[in-house]
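K.L.:
Below is a structure I'd like to ask you about.
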Amino acid sequence: MINVAILGYGTVGAGVYRVLNMNRETIARRTGEEIYVKYVLDLREFPGDPTQEVLTHDYNDILSDPEVKIVVETMGGLRPAYMFTKQALEAGKSVCTSNKELVAEHGLELRDVAKANNVNYLFEASCGGGIPIIHALDNALTADEIDAMTGILNGTTNYILTQMAVENEDFAEALKGAQKNGYAELHPEADIEGWDACRKIAILSSLAYGKYISYKNVYTEGITNIDTLDIAYAKALGLKIKLLAASKRTESGTWAMVAPRLVDKSNMLYHVEGVLNAVYVHGNALGDCILYGSGAGSLPTASAVAGDVISAARNHGRPLPSDWSDEVLELLPIDEVRNTFFVRFSGSEEEAEAAFSTIDAVRIPEAEGEFGFFTAELSEKEFREMADKSGKVIKAIRRA
Ligand code: HSE
């Protein structure tokens, strides 16, 4: 029997407890041993819940118990998760987590600590919820030079954008729905400001390109600025707005960016709706690949964590290889990244053409005193200079 402790009995922690019990027999067969949750750590009490019998408020109970071989960290946040994780690894226990904030901030160090102690630090659930993208990068795609990734990596924002476009909900209403369904972070700014997607693309790009990309260097815009007129323009153009987290290796360097973008039907990400996530990966041998599935929520995320628990149990005392080096990958300055922009403009067509050269105006009945148009492909710097020169740009959304 393998004894496990779960740190944090929130949406994901409770999901892990449920998956390990719900699929007990299958998991035991696949692991070769039964997996038993010996402790659940939480500050709260859960009267009437089965975990009450294994509940502890003292982390030392877990740390000092040599029978606990695997710790599931589903607390979220950096403190005390970082210290608890490090202590568990140093005590010879593998750690499986859904905590993307911690993985993005300290993942490299924690993976090294795990290695030094002959255990594993596994974080499949940190990116794309239940989608097995990290296993894919660490295993099936290891023969490829990966040169581009684009993902819908945040379920909350994709749900909000879908509700706004399909159900005509306003932003606040749609966010409430995401919170009610257990998709959003405790502090939903992390979702709607794009920080969560930013951490995820930094983790995935680091693994894909074999060098370290700090999430702090990834240019990030969220969806708080997206309004119903943007959605109306997108609909009129036959496009959808999606929060895309992307990175690409080009001849001039590698860039990474999170921003809302206009996506057309020919792009498979156009069809990814609601809480679903998808990650497009391009490799030099593979060509195109898309992984698609449930991106957030209790059971899908728990499925990924529980899968890691099985991997940790199967590989006890054997750190699994991964291509995440501490060599830093310097990103191309954002000013040099090239994009096509959809501009909402409050001046005349002549003024728009004076700043941006020839344009093809798009007008919709909902938007008075303005029109839209696409620019040619421009660097971010060129675009900003043209927009400043015109003084009439209401906003701009990049095209995918
Ligand atoms: N808040 C996250 C999301 C949870 O909406 O995608 C899954 O990481």
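The values are calculated or read from the model by the stated rules, or taken from the named source; none is laboratory data. Model, not experiment: these values are computed from the prediction. Counting neighbours? That spans all protein chains shown, and the Cβs are built from the backbone with ideal geometry, glycine included. What goes into the accessible areas is simple: the full protein's heavy atoms, side chains included, and nothing from ligands, DNA or RNA. Shrake-Rupley method; radii C 1.70, N 1.55, O 1.52, S 1.80 Å.
K.L.:
Of the residues that sit in the stretch 272-304 and are more than 15 Å from the chain's Cα centre (by Cα), within 16 Å of the ligand (Cβ to nearest atom) and not small (Gly, Ala, Ser), which one is farthest from Met75 (Cα to Cα)?
P.N.:
Among residues in the stretch 272-304 that are more than 15 Å from the chain's Cα centre (by Cα), within 16 Å of the ligand (Cβ to nearest atom) and not small (Gly, Ala, Ser), the one farthest from Met75 (Cα to Cα) is Glu273.
K.L.:
Select from the stretch 121-151 the residues that are closer than 24 Å to Thr220 by Cα and in contact with a Lys or Arg (Cβ under 6 Å, 6 or more places away or on another chain) and write down the one among them that is surrounded by the most Cβ atoms within 10 Å (Cβ to Cβ).
P.N.:
Cys127
K.L.:
Any idea how many residues of the stretch 83-128 are in a strand (DSSP E or B) and either more than 16 Å from the ligand (Cβ to nearest atom) or not hydrophobic (A, V, I, L, M, F, W, C) (or both)?
P.N.:
4
K.L.:
Name the residues in the stretch 216-225 that are surrounded by fewer than 24 Cβ atoms within 10 Å (Cβ to Cβ) and either assigned to a helix (DSSP H, G or I) or within 16 Å of the ligand (Cβ to nearest atom) (or both), would you?
P.N.:
Residues of the stretch 216-225 that are surrounded by fewer than 24 Cβ atoms within 10 Å (Cβ to Cβ), as a first pass: 216-217, 219-222, 224-225.
Lys216, Asn217, Thr220, Gly222, Thr224 - these are the residues of the stretch 216-225 that are surrounded by fewer than 24 Cβ atoms within 10 Å (Cβ to Cβ) and either assigned to a helix (DSSP H, G or I) or within 16 Å of the ligand (Cβ to nearest atom) (or both).
K.L.:
In the stretch 22-43, how many residues are part of a loop (DSSP other than H, G, I, E, B) and over 17 Å from Val72 (Cβ atoms)?
P.N.:
So the count comes out to 1.
K.L.:
Now for a separate question. Give me the residue from the stretch 179-199 that is open to solvent by 10 Å² or more (accessible area, probe 1.4 Å) and assigned to a helix (DSSP H, G or I) and, out of that set, farthest from the ligand (Cβ to nearest atom).
P.N.:
Ranking the candidates gives Lys180 first.
K.L.:
Which of (1) buried (at least 19 other Cβ atoms within 10 Å of the Cβ); (2) in contact with a helix residue (DSSP H, G or I) (Cβ under 8 Å, 6 or more places away or on another chain); (3) in the same structural domain as Leu239 (by TED's automatic domain parsing) is the odd one out, the single condition Asn158 does not satisfy?
P.N.:
Of (1) buried (at least 19 other Cβ atoms within 10 Å of the Cβ); (2) in contact with a helix residue (DSSP H, G or I) (Cβ under 8 Å, 6 or more places away or on another chain); (3) in the same structural domain as Leu239 (by TED's automatic domain parsing), only one is false for Asn158: (2).
K.L.:
Being in contact with a Gly (Cβ under 9 Å, 6 or more places away or on another chain) and of a type in the set (Lys, Arg) narrows it down to one of Lys200, Lys242, so name that one.
P.N.:
The unique qualifying residue is Lys200.
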